[in-house]
Amino acid sequence: MMSGIGVAPMVSTKAPAKPAEAGPPLVVLLVEDEEEIRALVRRYLEGHGITVREASNGETAWGEMLRQTPDVLVTDVQLPRLSGRELTDRVRKHNNIGTTPVVLMSASLLNAREEAAMKADTKADAVFRKPLALRDVAATVLELGRSHRRAQAQKGAPPAAAPPPGRPAA
């Protein structure tokens, strides 16, 4: 049963039709310890043609980031074993993956001022308060992912890879 902190009730969970995109689909690493929220966000992003890898805690996510860097990291702030803030800090300090866009999700933010402070403090690219407006999250992920892909292509780096078939991330 959904706990009520996951998704804004006025937002449809059906993904609108996605425009055709050239090249391989964007890859997102979604880190959320609440299984219901993770599944809902995953389904919505997949409805936009995004490949979603998953982790349920920060340590597993860190390992996944090092194994196969995604186009975008979408993570909850409050996680077991390594918080979303700590995970973001590790990503930003790492030479090879430091430019990966990071989207933070938090149930503890009360207003836009706290959102802006967290974004500046963590160097996240975007911060969303729960309940989530999935349409806004998806639009942000697509924008950040496409921009990151273009920047990586200019550097000659390969795009993020989907996980091998049959191998769940978490």
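Structure above, values below:
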| item | result |
| --- | --- |
| Area accessible to solvent at Glu46, 1.4 Å probe radius, in Å² | 80 |
| Of every Cα-Cα pair in segment 23-170, the percent that sits beyond 18 Å | 52 |
| Share of carbon and sulfur in the accessible heavy-atom surface of segment 40-137 [1.4 Å probe, %] | 45 |
| Probe 1.4 Å, all protein chains present, accessible-area order of Arg67, Arg90, largest first | Arg67, Arg90 |
| Tail beyond 11 Å, pair distance distribution of segment 20-67 (Cα, percent) | 67 |
| Contour minus Cα-Cα distance for Gln78 and Ala157 (0.36 nm per residue) | 25.3 nm |
| Net length gained if the chain between Glu86 and Ala139 were fully extended (0.36 nm per residue, minus Cα distance) | 16.6 nm |
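The values are calculated or read from the model by the stated rules, or taken from the named source; none is laboratory data. It should be emphasised that the depicted structure is a prediction, and the values quoted were computed from it without experimental measurement. Accessible surface areas use protein heavy atoms only, side chains included; no ligands, DNA or RNA. Shrake-Rupley method; radii C 1.70, N 1.55, O 1.52, S 1.80 Å.
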